[in-house]
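Everything on this sheet refers to the single structure shown next.
The values are calculated or read from the model by the stated rules, or taken from the named source; none is laboratory data. Please read these numbers as outputs of a predicted model, since none were measured by experiment. Because the Cβ atoms are built from the backbone with ideal geometry, glycine has one as well, and the counts that use them run over all protein chains shown. Just the protein is used for accessible areas: all its heavy atoms, side chains included, with ligands, DNA and RNA removed. Shrake-Rupley method; radii C 1.70, N 1.55, O 1.52, S 1.80 Å.
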Amino acid sequence: LYVAEVHRILRYDSIEHKLAAPPTPVVVFDRFPTEKHHGWKYIAIGPDDRLYVPVGAPCNECLREDSIYATVTSMKLDGTDLRIEAHGVRNSVGFDWDPRTGQFWFTENGRDMMGNDMPNCELNTLTTRGEHFGFPFCHQGDTLDPEFGVGKNCADYTAPVLKLGPHVAPLGMKFYRGRMFPEKYRNAIFIAEHGSWNRSTPIGYRVKVALPDGAGGWTQEVFADGWLSGNTATGRPVVVLELEDGSLLVSDDAADMIYRISYTKP
């Protein structure tokens, strides 16, 4: 079992056989930044058998000399061979690999303090290791930052596959591999939107689904909502997880619940 802390990765060996008395964890890697701002991490092992670990920007909007910030990194499972997979990623707390191609996809939270409707949070995909996704120079693929974007060109950075909406705070995302849901959801991407915190009219607080449009592009629609009534939120979706039967789990860190969404053919 691999566990991410702000600045390090731990490993609990043979944890399933030692749940009553977990062993002392092995420190796999302990050289990540210690800043708590965007320091929380979602981790997963990729099809290349490497552990992927994002490192958020330690701010709303800034540029740091250390190239480790605002990235997605990966390492071998023993903690060696750390490398940067993607640059210019402000804060990603959810990613997955396309089951058809093995390509890496991730959500990204856009910056604050540019108004209610700017910029959009993003759904991105990585086609070449080392790609730069814009932060802090360009947002949502087409909008230069008022400070760091001076003299820059958004065409120099990788644009998002989808603009998810301003301040919706997309976190966990998963490709749907199951067969319980109708066929339209096969290879679609479920995205948990944690919801806005500084928008005058709240937005998000739902589960979206990104759907292949059959022509190489993607569309999006709301899959599950009800956590937001007017300006009052009763829950904040965080992570989605597909069970073996094809149903979907959704965690909620405001209501402290986990929901299961299932489907029965009429």
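Would you point out the residue of segment 1-44, among those that are assigned to a loop (DSSP other than H, G, I, E, B) and of a type in the set (Val, Ile, Thr), that is most open to solvent (accessible area, probe 1.4 Å)?
Initial filter on segment 1-44 (assigned to a loop (DSSP other than H, G, I, E, B)): 1, 5-8, 12-14, 18-25, 30-43.
Going one step further and asking which of them are of a type in the set (Val, Ile, Thr), we end up with 6, 24, 34, 43.
Numbers: Val6: 21, Thr24: 125, Thr34: 101, Ile43: 33 Å².
Within segment 1-44, the match that is most open to solvent (accessible area, probe 1.4 Å) is Thr24.
Residue by residue through segment 222-266, note down the ones that are among the polar types (S, T, N, Q) and either open to solvent by less than 70 Å² (accessible area, probe 1.4 Å) or touching a residue at least 24 places away in the same chain (Cβ under 8 Å) (or both). So that I can check it myself, show each step before the final result.
Taking segment 222-266 first, the residues among the polar types (S, T, N, Q) are 229, 231-232, 234, 247, 251, 262, 264.
If the condition is that a residue be among the polar types (S, T, N, Q) and either open to solvent by less than 70 Å² (accessible area, probe 1.4 Å) or touching a residue at least 24 places away in the same chain (Cβ under 8 Å) (or both), then Asn231, Ser247, Ser251, Ser262 are the ones that fit.
State yes or no: is Glu85 free of Cβ contacts under 8 Å to residues at least 12 places away in the same chain and out of contact with any Pro (no Cβ under 8 Å at 6 or more places or on another chain)? Before the answer, list the steps.
Details: free of Cβ contacts under 8 Å to residues at least 12 places away in the same chain: no; out of contact with any Pro (no Cβ under 8 Å at 6 or more places or on another chain): yes.
Judged against the criteria, Glu85 is not a match.
What is the residue count in segment 128-159 for residues that are closer than 17 Å to Pro54 by Cα and either in contact (Cβ under 8 Å) with a residue 12 or more places away in the chain or charged (D, E, K, R) (or both)? Show your work before the answer.
Looking only at segment 128-159, we keep the residues that are closer than 17 Å to Pro54 by Cα, and these are 128-136.
With either in contact (Cβ under 8 Å) with a residue 12 or more places away in the chain or charged (D, E, K, R) (or both) added as a condition, the list becomes 129-136.
Going through segment 128-159 one residue at a time, the tally reaches 8.
Using the structure shown, decide if Tyr176 is open to solvent by less than 20 Å² (accessible area, probe 1.4 Å) and within 27 Å of Glu242 (Cβ to Cβ).
Numbers: open to solvent by less than 20 Å² (accessible area, probe 1.4 Å): yes; within 27 Å of Glu242 (Cβ to Cβ): yes.
Yes.
Name every residue in segment 113-130 that is buried (at least 16 other Cβ atoms within 10 Å of the Cβ) and more than 17 Å from the chain's Cα centre (by Cα), in order of residue number. Reasoning before the result, please.
Step one: filter segment 113-130 for residues buried (at least 16 other Cβ atoms within 10 Å of the Cβ), giving 114, 119-126.
Matches in segment 113-130: Met114 only.
In segment 30-42, what count of residues is obtained for those that are under 14 Å from the mean Cα position of the chain (by Cα) and either farther than 19 Å from Pro99 by Cβ or at pLDDT below 95 (or both)?
Result for segment 30-42: 4.
Can you find even one residue in segment 194-216 that is closer than 26 Å to Cys138 by Cβ and among the aromatic types (Phe, Trp, Tyr)?
Yes, that holds for at least one residue.
Please work out which one of (1) closer than 21 Å to Cys62 by Cβ; (2) open to solvent by less than 30 Å² (accessible area, probe 1.4 Å) is the condition Leu144 fails and give its number.
Among (1) closer than 21 Å to Cys62 by Cβ; (2) open to solvent by less than 30 Å² (accessible area, probe 1.4 Å), the lone unmet condition for Leu144 is (2).
Filter segment 49-60 down to the residues that are surrounded by 12 or more Cβ atoms within 10 Å (Cβ to Cβ) and of a type in the set (D, E, K, R) and list them by number. Write out each step before concluding.
Keep residues of segment 49-60 that are surrounded by 12 or more Cβ atoms within 10 Å (Cβ to Cβ), which gives 50-60.
Of everything in segment 49-60, just one residue is surrounded by 12 or more Cβ atoms within 10 Å (Cβ to Cβ) and of a type in the set (D, E, K, R), namely Arg50.
Scan Ser92, Ser67 and give me the residue that is over 17 Å from the mean Cα position of the chain (by Cα) and either among the hydroxyl-bearing types (Ser, Thr, Tyr) or open to solvent by less than 10 Å² (accessible area, probe 1.4 Å) (or both). Quick ask: steps written out before the conclusion?
Values: Ser92 fails: over 17 Å from the mean Cα position of the chain (by Cα).
Of the residues listed, the single one that is over 17 Å from the mean Cα position of the chain (by Cα) and either among the hydroxyl-bearing types (Ser, Thr, Tyr) or open to solvent by less than 10 Å² (accessible area, probe 1.4 Å) (or both) is Ser67.
Restricting to segment 199-220, name every residue that is part of a loop (DSSP other than H, G, I, E, B) and out of contact with any Lys or Arg (no Cβ under 9 Å at 6 or more places or on another chain).
As a first pass, look at segment 199-220 and keep what is part of a loop (DSSP other than H, G, I, E, B): 199-205, 213-217.
Matches in segment 199-220: Arg199, Ser200, Thr201, Pro202, Ile203, Asp213, Gly214, Ala215, Gly216, Gly217.
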